[in-house]
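Since every read-out is calculated from the coordinates, none of them should be taken as a lab result. As the structure is a computational prediction, the values presented were derived from the model and not from experiment. Counting neighbours? That spans all protein chains shown, and the Cβs are built from the backbone with ideal geometry, glycine included.
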Amino acid sequence: MPTITVQAADSAAAMDEIWEKLGPNAMIISTSKRNGRIVMEATTENAKPAMAPSVEAGFSDIFKGQMLAKPAITAKASTSGQMPATTAAVADIAGLRRDITQMQNMLSGLVLTDLDGVNPSLSASTRLELQRAGFSAASLDLLKARYAGLTYADGCDAFLGGMAERLAHPHAEALLSKRLIFVVGATGTGRTTMVAKLTAMLREAHPKKEVIAASLHGQNASNNQSLQGFGRLLNVPVCTLSLETPVADFNKMTDYDIMVIDVTAMPDEASQKIAEIKAHVGAKDIGIIATIPGSTSRAMIELTMQRFADLVPMIALTKLDECETTASEFSAYVEQGARISILSGTKSVIGASIFASENILLQYLKENFSNHEAIMPTGKGLE
């Protein structure tokens, strides 16, 4: 086998390339630095075949028997009876490489369950660092192709970019073209406030159109005082609908052009009613938003997505000026196949929400999870 010369950013990368091209019997002849890069010359001439580990041998046996033992000297001694220093070093490195490979093969199937004891100097694994940050193994598996083989700095950016691409709704702003917009979500998730914010956004986008807010309630109806208050604030009419309202009535838009509906009915009943309206009016005229606040548990995210799965809602992340959305939460959204369309704070009805384009969502992710300089200051565009 001919001698080869490789160049790489560091010694580890150079040795990996040599290992890939020459195999486990490679011996390094020389190492130098040229123009800031590591240059290594290696060969397989006169190298002994690598010893395969015994099938019965365990990790501790290999470690004690080989890592702690003196490397076997295989090179021919010089005429003076002393082994040349370079040859001895090459033999030592080759033996060490074989030992490392054996241990890598044994460790390749292991999974770390406790990251607290991991030596920071060994944190070259992007996956380990992302897992340490709180991202789930499932989300890391789904986006593995984005960060595999990269350093942590590049891998983190690539992972967050893949997450933003996967989560951002590709047609978020199309919401502004819908005639009927249903806002669903549990009490306390910012649902009614989101109705008011969407109403304000629609009035600004369509100044010549009549926008109305409505409440869709179930059997145990209660006066939606909050929505009434927002209606007075925005100077828009507010009406009350029920599950008993005929589906055809939702298509009789003579007094208004756009209706934003606060769905207070029980999820199962509401989903069935909205599905009927969607079938009657037409999907192109219907928009559905599910509100989920920051710092929501994985269980609640999964429950919300399951409750409204048939409606395939856009997700509005709310209360982001009060709470942070954690890595675990974003992992849950990725696993559930959610699509985020709006990022929202709560301090003001007007100008307190932004559409979550891929770039905007990436900025938010980098601000919260990247070790690099944040692109968007905390709360920017959400207050």
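Of note:
- Exposure proxy order (Cβ contacts within 10 Å, fewest to most) of VAL238, VAL39: VAL39, VAL238
- Across the range 119-267, the volume of the C-alpha convex hull divided among the residues equals 170 Å³ per residue.
- Ordering of 314-321, 135-142, 2-9 by packing is 314-321, 135-142, 2-9, highest average first (other Cβ atoms within 10 Å, averaged per residue).
- Overall form of the range 220-354: oblate. Here a/c, set by the Cα gyration tensor axes a ≥ b ≥ c, is 1.5 or more, and a/b is not larger than b/c.
- Counting only the Cα atoms, the range 233-283 fills a convex hull of 95 Å³ per residue.
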